[in-house]
Amino acid sequence: MVTGLEVAVLAAVVVLLLGSYRVIHTVRPFIVNAVVGLVALILASVFGFGVEITPIVLLIVAIGGVPGAVLVVLLAYLGIAFTPISLAFVPV
């Protein structure tokens, strides 16, 4: 015999599955952009363009993809933003 609680739990599980599918379907392009952009940043660092990877850089790359990565590398190359931190000793 099926109780009302079992039906409610089954309905809740179905709603959660459909909701998680929609979330994954919505977030997938950002994940792909972030991975491709990070590969572009790694390739840029191999070729000598150093970029500090921060949460802001990841957000720009995730939204912008490869053009976002090119923008970040260009800004880092020009010394405007996203430059790697230098730990050199500066005498006082």
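Read-outs: derived from the displayed coordinates by stated rules, not from any lab. All figures in this text were calculated on a predicted structure; none of them were measured in a lab. With ideal geometry, Cβ positions are generated from the backbone for all residues, glycine too; neighbour counts draw on all protein chains shown.
Structure data summary
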{"quantity": "The chain: C-alpha gyration tensor shape, a/c 1.5 cut-off, then a/b vs b/c", "calculated": "prolate"}
{"quantity": "Computed helical MRE - 222 nm, the chain, DSSP H runs ≥ 4 contributing -39500 (n - 2.57), nearest 500", "calculated": "-26000 deg cm²/dmol"}
{"quantity": "Order by protection proxy (mean Cβ within 10 Å, highest first), peptides 24-32, 68-76", "calculated": "68-76, 24-32"}
{"quantity": "The chain: relative contact order in percent, alpha carbon pairs under 8 Å with at least 6 residues between", "calculated": "25"}
{"quantity": "The chain: angle of helix 4-46 to the longest principal axis, Cα-based, in degrees nearest 10", "calculated": "20"}
{"quantity": "Linear extension gain, Ile63 paired with Val2, 0.36 nm per residue minus alpha-carbon span", "calculated": "17.2 nm"}
